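Just below is one structure, and these are the notes that go with it.
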Amino acid sequence: MIRQPNSILGNRQLLVTMGKKGELFGFFYPGRDFAQHIEESQACLYEGNRLIWSNDHEWHASQRYVENSNIVNTELVHQCGLRMHIQDLVHTDQPILVRNYRISPSRKFQGKFFYYSNLQVGEMQKKNSAFCDRDSGLLVQYWKDFHIGISSRPVFEEWQIGKALDTVWWTNAKYDMENGKLQNNLEDIGNINNAIGWELDIDADSTAEITILICAASTRQLLYRSIRDIRNETVESMFDQTYESGLKWLSRKRPLELKGFPGFEFVKLELTEAFNRSLLALGILNDPTRGTFVAAPEFDHDFEKSGGYGYCWNRDSSEIVIALLDSGYPEYCERFFSWCKKTQLPDGSWFQRYWLDGNAGSSWGNFSFSTQIDETGSTLFAMEKYYGSLEPILKKEFLDNIWGTILSAAEYLMRRTPGGMHEPCICLWETHQGVFTYTNAAIYGGLMGASRMAMDHNETELANWWRERAELIKEQTIERFWLPDEGYFARGIRHGSIDKEIDASILGTFMPFNMLSAEDEKEREMIHSIISNLESRLRVPVNRYYGIRRYEKDTYIDGNPWTVTTLWLSKAMLSLAGSMKERDEGTKKSGEWKTMATGALEYILWSLRGTTCAGMLPEQVNKYTGRPAWAIPLSWSCALMLQNIILLDGLG
Amino acid sequence: MVRDLCMFSKADKEAEVIWFKIAYRNTVHSEADISSLFAEKGLDMRFAYLDSLENPSIGKYVIFTEVEKGRDVSSVVTELKGLDVVLDVEYGTSRNQVMQSVEFPLSLFGERAIILRARTFVDILRIVNEHVPQAEGIQMHTGIRSGTAAVRLLREFIDIDENNCFDLLKELFMASGWGLLEYDIDIRSLTGSIRNRDCFIYDAYKENEFPVCAYISGFFAGFISEATKRTVQVQEVQCMATGDTFCEHLLSPAPGSTGAEHILKGELT
């Protein structure tokens, strides 16, 4: 089932996704992409003869992160006067989710507190096993080398492990809760679910507190050890540690001044929060041991409406590591490029997408005509960006280490561009097949980057060869795809003819690949014209401003405006404004500068209005409601937000 | 509470269907007065229903007539409105003459309802059986939910317990067209069997290698458990789809706990 998270939590081993009423949607361990062990996990109150689930429509919910941390507070207020406060955090060192529940009724409450879980350990609906260790106060469900344990403070008083979907229906833990008393079955196998319970007797305006600990481990022994290791830690101390770890992480970020723009002084705090939230989210979406990122926590496991998002695309990860580099976190580049070195295909390219462990992801790009050549270009482009940021001594070390990868990737791009423009492949949106402006720009960026690195590596001949090819690609792209009457690039060639549909990805000719330079007067005019056309033809009015669609006939998930394309446009506008400042300080407040900077800020604020209430940036915003629509949080959106704010800060 | 209706007909092509929805003051002669007027005016009543249960003082009389094309019935409406028992008249012409319905949406026990062919329901079951793991469990759980909800709705109108729940179940099945039930139950121990002699699932499913009425078993289990407040298990042991002359569902109290022995379904009964 497709469910879009409202917030995420995690540490080095755990990624948890959560709905806005505190219901768990995803529990990924040990990787960010695999395995997802939870189908349903949430609290439920039993009062008299009815169950009040924490995700019932009768609760009014609000959810926010504790500032500068990955700790989530969820407030639920029921129309009958009950209040449920849930504080979720992930332990700093152990793969343990800590869920602190505080329940306060407005009148005396007498009943039960249940915590129900439908676990599918190892992503397996079948062949799971579960048992309840009464002495240790631990309920364990496992499959092969995945073990999930549920314990609590205070220790639960009753429990049930039963068949989730069998004809022995009365053993089902969910049904078992309905009479307010659990059967205490000790063990079961198959497709199973479980519940634990407590008597709850709360006076009016008093508070009862129960903490659920959900732990993951590879063996039963390690599971017990993890639970044992934290037995002396209070919830408050775990909160403090997690909070401090967030602060520590953010203390390394690039300092931001964010001097106000006329009329926008009020957004400084909002932008700072968005910057910090994007950094914190990316920290969780990264696999710290392998070095790469999931595009988004997987939410479409069965590929019902998409191809899924819980994979690494080189295109996305290249953008992310550069954004993190610019934000003050260079180590992500190092780790990602090491990962790239290991995962590069024998022909020098990178696959459409990968599992984070480097295995090929399920793909519809298995052939040379269905691959996405831009991903190899993006990777080389990002490598050179990182290379350019290094001190001289580190530059040499990096180049010595990665030269073989660069050589192989650049030669792949050379082979795929024998006449200048690239051979037919799939576009970055994974929608069309043909020859594309964006892909050519990415190859241009990759080859130019490779050329500069080759020059430093004393490979002058190769450097010149790659640079000449890049220049040829640029020349041909402008000659064949630029539409002088319309003032923008065609998308490319499809089915043998020019496809003139305007596509936001043509921004790639300027940002990030710099095929068009803002320093060149003619090219600067072209950039302006592209921006103007995109604004007039792709913008969608929602949330008190405009979001930008990918292209005119986009039908993917209703053709919503995307946070990615909107922030991509604003990034281009800010870069243009930045180049003007550098060129002419005296006319800083010129109309053009103001138009670009103000317009970009409006798009950034539009993107912030399209986040979840917890501040997660989606891929898309619903064009009718203005609410986050799809793929939450999207790491590419987070990266673009970082880059936008850095550029904005540079303009101040 | 009255179930709303929809009428399916094949009318005379040279005629058209005109419907009347009449609100009337409920007296012992009101319906007769209205019907007499229709006869007097030569309006051929082909289908009708009336309801004065929901509101005993104001009745609703819906009449579908077949008349020659182009006939103006406004004068009849005026005369209808002139009757001292008639409070209001709505009327209209049905052009397609195949499906006529005055009421929308349909409701059952005060909740939204739809009319579904047995074949459509069975098509869903077939697809679930072919493609979904634990299809039998899904159908049974759906049935349990439906059966439980049915008792909760019925309780708004009648007290239900172990003494009348089987009769109510039988009436419900017949009224809803699901089947003709016979039961042989020891009410004290809640053991015995329920036979369904004309099961709608079989009627659309026809022959199959395995029993197909898990939804019905679930409905029985949910209905009886909710009505008696004792948890029962129900399993279909004979099915018309596998060649038996009737479907038979065995009923017994659910075991107090589950153990390895219950994993083998054969031991459940």
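Kindly identify the stretch B:7-112 as rounded, prolate or oblate by the Cα gyration tensor criterion: order the square roots of the eigenvalues as a ≥ b ≥ c, call it rounded if a/c is under 1.5, otherwise compare a/b with b/c, prolate if a/b is larger, else oblate. All intermediate terms of the calculation are to be shown ahead of the outcome.
Values: a/c = 2.17, a/b = 1.15, b/c = 1.88.
Judged from the Cα gyration tensor, the stretch B:7-112 comes out oblate (a/c at least 1.5, b/c at or above a/b).
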Check your understanding: Between A:Gln221 and A:Ser251, what length in nm is gained on full extension when 0.36 nm per residue of separation is reduced by their alpha carbon distance?
Key -> 7.2 nm
Exercise for review: Distance between Cα centroids, the stretch B:164-208 to the stretch A:200-228: provide it in whole Å.
Suggested key: 46 Å
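Rounded, prolate or oblate: which one fits the stretch A:1-101, using the alpha carbon gyration tensor with axes a ≥ b ≥ c (rounded when a/c is under 1.5, else prolate when a/b beats b/c, else oblate)? Could you put the intermediate results ahead of the total?
Numbers: a/c = 2.15, a/b = 1.64, b/c = 1.31.
Prolate, since a/c reaches 1.5 and a/b exceeds b/c.
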Exercise for review: Excluding residues on the same chain fewer than 8 positions from B:Lys81, give the lysines whose Cα lies under 19 Å from its Cα.
Suggested key: B:Lys21, B:Lys41, B:Lys60
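Could you compute the FRET efficiency for A:Thr272 and A:Arg12, with r as their C-beta to C-beta distance and R0 at 25 Å, rounded to 0.05?
Values: r = 26 Å, r/R0 = 1.04.
Rounded to the nearest 0.05, the efficiency is 0.45.
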Revision key, fill the gap. Rounded to 0.05, the calculated FRET efficiency for the beta carbons of A:Asp485 and A:Thr431 at R₀ = 22 Å is 0.30
Point to revise | aspartates and glutamates whose Cα lies under 14 Å from that of A:Lys144, excluding same-chain neighbours fewer than 8 positions away | key: A:Glu123
Exercise for review: Using only the Cα atoms of the stretch B:102-156, build the gyration tensor, take square roots of its eigenvalues as a ≥ b ≥ c, and label the shape rounded, prolate or oblate: rounded if a/c is under 1.5, else prolate if a/b is larger than b/c, else oblate.
Suggested key: oblate
Practice item. Quick one: compute the contact order of chain A, relative version, from alpha carbon pairs under 8 angstrom and 6+ residues apart, as a percent. Key: 11 percent
Check your understanding: What angle do you read, to the nearest 10 degrees and between 0 and 90, between the alpha-carbon axis of helix A:268-285 and the longest principal axis of chain A?
Key -> 80 degrees
Revision key, fill the gap. Of the convex hull enclosing the alpha-carbon atoms of the protein assembly as shown, the direction-averaged projected area in nm² is 49.0 nm²
**Study point:** Fewest-first ranking of B:Ser101, A:Ser278, using other Cβ atoms within 10 Å as the exposure measure
**Key:** B:Ser101, A:Ser278
**Study point:** Whichever lysines have a C-alpha closer than 22 Å to that of A:Lys259, once near sequence neighbours (fewer than 8 apart) are set aside
**Key:** A:Lys268, A:Lys571, A:Lys581, A:Lys588, A:Lys589, A:Lys594
Review point. Once the Cα atoms of helix A:373-389 and of chain A are each reduced to a long axis, what angle between those two axes, in degrees from 0 to 90 to the nearest 10, is obtained?
Key: 90 degrees
Study note, to complete from the structure: Partner shielding of A:183-194, taken as the mean number of other chain Cβ atoms within 10 Å, equals 2
Practice item. Return the FRET efficiency for the residue pair A:Glu592, A:Arg452: r is the Cβ-Cβ distance, R0 is 22 Å, and the value is rounded to the nearest 0.05. Key: 0.10
Study note, to complete from the structure: The exposure ranking of B:Leu108, A:Leu89, fewest beta-carbon neighbours within 10 Å first, is B:Leu108, A:Leu89
Practice item. Determine the gain in length on full extension of the stretch B:Ser146-B:Leu168; use 0.36 nm per residue of separation and subtract their C-alpha separation, reporting nm with one decimal. Key: 6.4 nm
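Inside 10 Å of the C-beta atoms of A:169-175, what's the mean count of C-beta atoms belonging to other chains? Could you put the intermediate results ahead of the total?
Numbers: counts 14, 12, 6, 4, 0, 1, 7.
Counting other chains' Cβ atoms within 10 Å and averaging over A:169-175 gives 6.
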Practice item. Arrange the following residues from fewest to most other Cβ atoms within 10 Å of their Cβ: A:His78, A:His91, B:His29. Key: B:His29, A:His78, A:His91
Point to revise | Angle in degrees between helix A:392-415 and the longest Cα principal axis of chain A, rounded to the nearest 10 | key: 80 degrees
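Report the extension gain between B:Glu182 and B:Ala113 in nm, rounded to one decimal, defined as 0.36 nm multiplied by the number of residues separating them, less their alpha carbon distance. Intermediate values should be presented prior to the final figure.
Numbers: separation 69, 0.36 × 69 = 24.84 nm, distance 2.67 nm.
My answer for the length gained is 22.2 nm.
Every number in this text was worked out from the coordinates using simple rules, so none of it is lab data. Remember, predicted model here, so these are calculated numbers, not experimental data. As a convention, Cβ positions derive from the backbone with ideal geometry for all residues, glycine included, and neighbour counts pool all protein chains shown.
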